[in-house]
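Enquirer: Sharing a structure here in structure tokens format.
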Amino acid sequence: METKSYDLRGMASGQREEIYQAAGEVIRSGGTVVFPTETVYGLGADGLNPKAVAKIFEAKGRPSDNPLILHVADRAIDDLVTEVPRQAQVLMDKYWPGPLTLVLKKSALVPLATTGGLETVGLRMPDQPAALALIRAAGGPIAAPSANLSGRPSPTTFQRCREDLAGRVDMILGMDSSRLGLESTILDLSGPVPELLRPGAITLEMLQEDLGEVLDASGNGLMETGQPRAPGMKYRHYAPRAKVVLFSGPQESVRRAMAQQAGENCLRLEIGGGCEVFYSPDDRLLRFPDLESAAHDLFETLRWADDRGFAQIYIQAVSEEGLGRTLMNRLVKASGHDIRRVE
Ligand code: TXA
Ligand code: MG
């Protein structure tokens, strides 16, 4: 199929508005549009139209029992859910627009095709002007998973979306690279106690401060029990072609072990130290100065490593608190649980 691609960077605002209107029309008529968000790019379609939603699963090659997040342009979600619990209201007021998806009991308006057959729905208001303009132009909520082919790292740039989805969607809208680089936090508020299903830039600690008790149900161990709380967690994820291995232990020992064990065709990623990203002259070592920088660049780096033909990627594990928990959630999955402990 023919894909129209528009780079919105550097466009005059009038011209952008025309494109949002055209993209909104594509969504209204049941088509698919890739768009930027502050977390990762999304592959969107009319979230209330089962036929449109089916096209998302087809374009991504994604199992259709994996529910989609509905993206909204404001906090008026009453029509989409059976009730808005007080805790949801508190969090929407504080974090929307932003990288927080709330799972609530869905209303009859939301088709089971969107929720993968669940009676709950994930809702989020992205903090990205182009995304909000598109949702407004579409005139309703947009269902969107990350805009990667199923199993690949989520795309954080226009170029990566085109690589994965050109010829498979109706339109691709490009902006700068995604500000955060990892997908939104998912918090389930449909049960008696709030449960964190996927950590993101809004951390478990932040949510516990806001709500009191929040259970961490994002544990990687859940994948082995076969009972993941977010259905998407059971699938192979974030996997580059290169073999990813995590090294955990004291920083100096980890960095030494990685250097000693790395062969010719191995990329090493270190996290922490310095004030900007450090590249070794031979490109075989990258050091991110802090967690934010590692989060921002992780998925792009995994894809770049494949382009360069690396066979292995050795990554320094970080401690599982705050954004570190979020990063580790993705790293553990990318490694397929291959973790080497170093003394
Ligand atoms: O940052 C993000 O959330 C990005 C951007 C595009 O907004 N979207 C995204 O969507 O990451 P996706 O489909 O790649 O990941 C959504 C995850 C899946 O693991 C899915 O199983 C889970 O959210 N999910 C969606 N609705 C759910 C529900 N009602 N109950 C439990 N888990 C749900
Ligand atoms: Mg995804």
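Enquirer: Please report, ordered by residue number, the helices (runs of 4 or more DSSP H) entirely within the stretch 85-149 with at least 3 residues that are more than 11 Å from ligand 1 (Cβ to nearest atom) and closer than 30 Å to TYR6 by Cβ. Walk me through how you get there before you give the answer.
Expert: Working: elements: 86-95, 112-115, 129-138.
Qualifying helices (runs of 4 or more DSSP H): 129-138.
Enquirer: Go through (1) over 30 Å from GLU119 (Cβ atoms); (2) of a type in the set (A, V, I, L, M); (3) in a helix (DSSP H, G or I); (4) modelled with pLDDT under 95 and name the single condition ALA239 misses.
Expert: Just one mismatch for ALA239, condition (3).
Enquirer: I've got another one for you. List the number of the failed condition for VAL34; all other conditions in (1) outside any strand (DSSP E or B); (2) buried (at least 18 other Cβ atoms within 10 Å of the Cβ); (3) β-branched (Val, Ile, Thr) hold.
Expert: VAL34 satisfies every listed condition except (1).
Enquirer: Quick one: would you say LEU149 is within 14 Å of ligand 2 (Cβ to nearest atom), surrounded by fewer than 20 Cβ atoms within 10 Å (Cβ to Cβ) and among the aliphatic types (A, V, I, L, M)?
Expert: Working: within 14 Å of ligand 2 (Cβ to nearest atom): yes; surrounded by fewer than 20 Cβ atoms within 10 Å (Cβ to Cβ): yes; among the aliphatic types (A, V, I, L, M): yes.
Spelling it out, LEU149 is indeed within 14 Å of ligand 2 (Cβ to nearest atom), surrounded by fewer than 20 Cβ atoms within 10 Å (Cβ to Cβ) and among the aliphatic types (A, V, I, L, M).
Enquirer: Report, by residue number, each residue of the stretch 31-44 that is hydrophobic (A, V, I, L, M, F, W, C) and over 17 Å from ALA166 (Cβ atoms).
Expert: We begin by selecting, within the stretch 31-44, every residue hydrophobic (A, V, I, L, M, F, W, C); these are 33-35, 40, 43.
Result: VAL40, single match.
Enquirer: Right, another one. Can you pull out every residue in the stretch 37-47 that is within 13 Å of GLY140 (Cα to Cα) and within 15 Å of ligand 1 (Cβ to nearest atom)? Steps first, please.
Expert: Going through the stretch 37-47, the residues within 13 Å of GLY140 (Cα to Cα) turn out to be 44-47.
Correct list: GLY44, ALA45, GLY47.
Enquirer: Considering the stretch 82-104 alone, what residues qualify as being touching a helix residue (DSSP H, G or I) at 6+ places or on another chain (Cβ under 8 Å) and within 18 Å of LEU48 (Cα to Cα)?
Expert: So in the stretch 82-104, the residues touching a helix residue (DSSP H, G or I) at 6+ places or on another chain (Cβ under 8 Å) come out as 84, 87, 90-91, 94, 97, 100, 102, 104.
If the condition is that a residue be touching a helix residue (DSSP H, G or I) at 6+ places or on another chain (Cβ under 8 Å) and within 18 Å of LEU48 (Cα to Cα), then LEU102, LEU104 are the ones that fit.
Enquirer: Quick one: in the stretch 94-141, which of the residues that are farther than 28 Å from ILE19 by Cβ and of a type in the set (Lys, Arg) is surrounded by the fewest Cβ atoms within 10 Å (Cβ to Cβ)?
Expert: That would be LYS94.
Enquirer: Something else: Select from the stretch 150-164 the residues that are away from ligand 1 (no atom under 12 Å from the Cβ) and either free of Cβ contacts under 8 Å to residues at least 12 places away in the same chain or part of a helix (DSSP H, G or I) (or both) and write down the one among them that is nearest to THR115 (Cα to Cα). I'd like the intermediate steps shown before the answer.
Expert: Quick first cut of the stretch 150-164, residues away from ligand 1 (no atom under 12 Å from the Cβ) only: 157-160, 162-164.
If we keep only those that are either free of Cβ contacts under 8 Å to residues at least 12 places away in the same chain or part of a helix (DSSP H, G or I) (or both) too, we end up with 158-160, 162-164.
Numbers: PHE158: 27, GLN159: 29, ARG160: 26, ARG162: 26, GLU163: 27, ASP164: 24 Å.
Of everything passing the filter in the stretch 150-164, ASP164 is nearest to THR115 (Cα to Cα).
Enquirer: All but one of (1) outside any strand (DSSP E or B); (2) within 16 Å of ligand 2 (Cβ to nearest atom) hold for LEU70; which doesn't?
Expert: (1)
Enquirer: Which count do you get for residues in the stretch 242-253 that are touching a Leu at 6+ places or on another chain (Cβ under 9 Å) and assigned to a helix (DSSP H, G or I)? Can you show your working first?
Expert: Narrowing the stretch 242-253 to residues touching a Leu at 6+ places or on another chain (Cβ under 9 Å): 242, 244, 246.
Within this subset, residues satisfying the condition of being assigned to a helix (DSSP H, G or I) are none.
Residues in the stretch 242-253 being touching a Leu at 6+ places or on another chain (Cβ under 9 Å) and assigned to a helix (DSSP H, G or I): 0 in total.
Enquirer: Any idea which residue in the stretch 312-343 is farthest from PRO240 (Cα to Cα), counting only those that are among the basic types (Lys, Arg) and buried (at least 16 other Cβ atoms within 10 Å of the Cβ)?
Expert: The first filter runs over the stretch 312-343 and keeps only residues among the basic types (Lys, Arg), leaving 325, 330, 333, 340-341.
This time we only want the ones that are buried (at least 16 other Cβ atoms within 10 Å of the Cβ), so: 325, 330, 333, 340.
On the way: ARG325: 21, ARG330: 12, LYS333: 11, ARG340: 19 Å.
If we take residues in the stretch 312-343 being among the basic types (Lys, Arg) and buried (at least 16 other Cβ atoms within 10 Å of the Cβ), then ARG325 is farthest from PRO240 (Cα to Cα).
Enquirer: Restricted to the stretch 165-174, and to residues that are within 15 Å of ligand 1 (Cβ to nearest atom) and over 21 Å from ASP127 (Cα atoms), which residue is surrounded by the most Cβ atoms within 10 Å (Cβ to Cβ)? Before you say what the answer is, go through the steps one by one.
Expert: At the first step, the residues of the stretch 165-174 found to be within 15 Å of ligand 1 (Cβ to nearest atom) are 165, 169, 172-174.
Still in the list and also over 21 Å from ASP127 (Cα atoms): 165, 169.
Numbers: LEU165: 22, VAL169: 28.
Taking the candidates together, the pick is VAL169.
Enquirer: Is it the case that VAL26 is touching a Gly at 6+ places or on another chain (Cβ under 6 Å), modelled with pLDDT of 95 or more, crowded, with 17+ Cβ neighbours inside 10 Å and not hydroxyl-bearing (Ser, Thr, Tyr)?
Expert: Working: touching a Gly at 6+ places or on another chain (Cβ under 6 Å): no; modelled with pLDDT of 95 or more: yes; crowded, with 17+ Cβ neighbours inside 10 Å: yes; not hydroxyl-bearing (Ser, Thr, Tyr): yes.
For VAL26, the condition - touching a Gly at 6+ places or on another chain (Cβ under 6 Å), modelled with pLDDT of 95 or more, crowded, with 17+ Cβ neighbours inside 10 Å and not hydroxyl-bearing (Ser, Thr, Tyr) - is not met.
Enquirer: From the list SER177, SER190, which one is part of a loop (DSSP other than H, G, I, E, B), away from ligand 1 (no atom under 11 Å from the Cβ) and modelled with pLDDT of 95 or more?
Expert: Values: SER190 fails: away from ligand 1 (no atom under 11 Å from the Cβ).
Within the list SER177, SER190, the selection yields SER177.
Enquirer: Taking into account only those residues within the stretch 283-311 that are over 23 Å from GLN251 (Cα atoms) and touching a helix residue (DSSP H, G or I) at 6+ places or on another chain (Cβ under 8 Å), which is surrounded by the fewest Cβ atoms within 10 Å (Cβ to Cβ)?
Expert: Filtering first and then ranking leaves GLU300.
Enquirer: Let me ask you something else. Would you pick out the residues in the stretch 97-108 that are touching a strand residue (DSSP E or B) at 6+ places or on another chain (Cβ under 9 Å), under 13 Å from THR82 (Cβ atoms) and away from ligand 2 (no atom under 16 Å from the Cβ)?
Expert: Scanning the stretch 97-108 gives LEU104, LYS105, LYS106, SER107.
Enquirer: Take the residues in the stretch 254-306 that are basic (Lys, Arg) and not in a helix (DSSP H, G or I); name whichever of them is nearest to PRO240 (Cα to Cα). Walk me through it before giving the result.
Expert: Narrowing the stretch 254-306 to residues basic (Lys, Arg): 255-256, 268, 284, 287, 303.
Keeping just the survivors that are not in a helix (DSSP H, G or I) gives 268, 284, 287.
Values: ARG268: 14, ARG284: 16, ARG287: 19 Å.
So, considering only residues that are basic (Lys, Arg) and not in a helix (DSSP H, G or I), the one nearest to PRO240 (Cα to Cα) is ARG268.
The values are calculated or read from the model by the stated rules, or taken from the named source; none is laboratory data. Only a predicted model underlies this, so the values are computations on that prediction, with no experimental measurement involved. As a convention, Cβ positions derive from the backbone with ideal geometry for all residues, glycine included, and neighbour counts pool all protein chains shown.
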